[in-house]
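The values are calculated or read from the model by the stated rules, or taken from the named source; none is laboratory data. If you're wondering where the values come from, they're calculated on a predicted model, not measured in any experiment. We place every Cβ from the backbone using ideal geometry, glycine too, and count neighbours over all the protein chains shown.
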Amino acid sequence: MGEQGETPPVPKPAATVMLIRDVEGDEGIEVFLVQRHGKIGFMGGMHVFPGGKVCDDDRSADLRARVEDMDALAAHDVWGEGFDGDDALALALAAVRETFEEAGVLLGSAVPDRATLERARGRLLGGEPFSALLGELGARLSLSLLTPFSRWITPDSEPARFDTAFYVARAPLGQRAEHDQREVVGGDWFTPGVALEALERGEIRLAPPTSRTLQDLAETASVDAAVALAGSRRPPLIAPLIREIGDELVLIYPGDPDHPMREQTLAGPTRRVLRKL
């Protein structure tokens, strides 16, 4: 955590995607989680949804020209204070790019064969602009494949802070999700319940936004239900605080008596003990 009295860093805009699919022959869903490299400073070693911060190319005219359904942008301009329509588009495009980088799945149309996709992904990871690669592939991006789900802002006491748009997206048929073997060292499909049980057993590590989102997804019986849940509401803004209370380090959510945001944006308890001091 940052030192007391320091001005907290300004959160950087970022995006993450819950890529989900129906459980074959059963009720429920699976979500794709990747494990971040242990040497990465932010969330190193944790299992997370594919995602990352917005980059310059996400705001470029060339990348925006690859969007096939710009009329769907209105459904994305829902993030509230700090994000206008241009920001909403950049967040959505960052979400698509990061899903391709970290999970190998391209959310769009005219998607080429697997071998061509893998070569393009390698070039993207090597630093080539996403917009240029899409132009070569002839692929188009689709905003309608992403549904805004929630917005999380890293606590003000953390040295690295992000203002992250969470999306839910149906895993496209004919594509296989695989981790990138660079920033992430593993990737697999989990039902939300199995992931949360693995967390309790200490088998995997999940950041609070990830575990809390998995709890929401665990209550949905299908991909259609998860997408419908996201589409039925304005994405809740969750800006937790980390505070020392007695001999405990506590995560405090909006709506708690000790949080300046009076409106509760998450159902259930408004605080969570992270650890004993």
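Annotations
- Scanning the range 109-132 for residues that are touching a residue at least 12 places away in the same chain (Cβ under 8 Å) and within 16 Å of Glu178 (Cα to Cα) returns Arg114, Thr116, Leu117, Glu118, Ala120, Arg121, Leu124, Leu125.
- Test: residue in the range 166-183 that is in a helix (DSSP H, G or I), at pLDDT 95 or above and under 30 Å from Glu27 (Cβ atoms): no
- Residue in the range 151-162 that is under 18 Å from Ile29 (Cα atoms) and either buried (at least 17 other Cβ atoms within 10 Å of the Cβ) or not assigned by TED's automatic domain parsing to the domain that holds Ala74 (or both) present: no
- Yes/no for Asp247 being among the acidic types (Asp, Glu), surrounded by fewer than 19 Cβ atoms within 10 Å (Cβ to Cβ) and under 16 Å from the mean Cα position of the chain (by Cα): no
- Those residues of the range 180-222 which are within 13 Å of Val23 (Cα to Cα), surrounded by fewer than 19 Cβ atoms within 10 Å (Cβ to Cβ) and in contact with a helix residue (DSSP H, G or I) (Cβ under 7 Å, 6 or more places away or on another chain), in sequence order: Gly193, Ala218
- Test: residue in the range 166-183 that is in contact with a Leu (Cβ under 8 Å, 6 or more places away or on another chain) and under 26 Å from His259 (Cα atoms): yes
- Within the range 18-32, residues that are in the same structural domain as Val168 (by TED's automatic domain parsing) reach partners that are of a type in the set (Gly, Ala, Ser) and assigned to a strand (DSSP E or B) with beta carbons closer than 9 Å, at six or more positions or on different chains, in the pairs Met18/Ala169; Leu19/Ala169; Ile20/Ala169; Phe32/Gly187.
- Some residue of the range 189-203 being touching a His at 6+ places or on another chain (Cβ under 9 Å), under 15 Å from Val31 (Cβ atoms) and not in a helix (DSSP H, G or I): yes
- Unique residue being out of contact with any helix residue (DSSP H, G or I) (no Cβ under 7 Å at 6 or more places or on another chain) and assigned by TED's automatic domain parsing to the domain that holds Pro172 when the list is Ala115, Ala92: Ala115
- Residue pairs meeting the criteria (Cβ under 6 Å; at least 6 apart or on separate chains; first touching a residue at least 24 places away in the same chain (Cβ under 8 Å) and part of a loop (DSSP other than H, G, I, E, B), in the range 93-108; second among the aromatic types (Phe, Trp, Tyr) and buried (at least 24 other Cβ atoms within 10 Å of the Cβ)): Leu106/Phe100
- Gly202 vs. criteria touching an Asp or Glu at 6+ places or on another chain (Cβ under 7 Å) and either among the hydrophobic types (A, V, I, L, M, F, W, C) or at pLDDT below 95 (or both): no
- Long-range neighbours under 7 Å by Cβ, at least six apart or interchain, first residue within 14 Å of Pro209 (Cα to Cα) within the range 248-277, second loosely packed, with under 10 Cβ neighbours inside 10 Å: Pro254/Glu263
- Qualifying positions in the range 138-150 - buried (at least 18 other Cβ atoms within 10 Å of the Cβ) and within 18 Å of Glu118 (Cβ to Cβ): Ala139
- Per-region count, the range 63-95, residues under 14 Å from Leu145 (Cβ atoms) and among the basic types (Lys, Arg): 1
- Here Thr191 passes the criteria (1) under 28 Å from Asp57 (Cβ atoms); (2) touching a Gly at 6+ places or on another chain (Cβ under 8 Å) except the one numbered (1).
- Check on Thr210, in a loop (DSSP other than H, G, I, E, B) and touching a strand residue (DSSP E or B) at 6+ places or on another chain (Cβ under 8 Å): no
- Meets criteria (surrounded by fewer than 21 Cβ atoms within 10 Å (Cβ to Cβ) and without any contact (Cβ under 8 Å) to a residue 24 or more places away in the chain) for Leu173: yes
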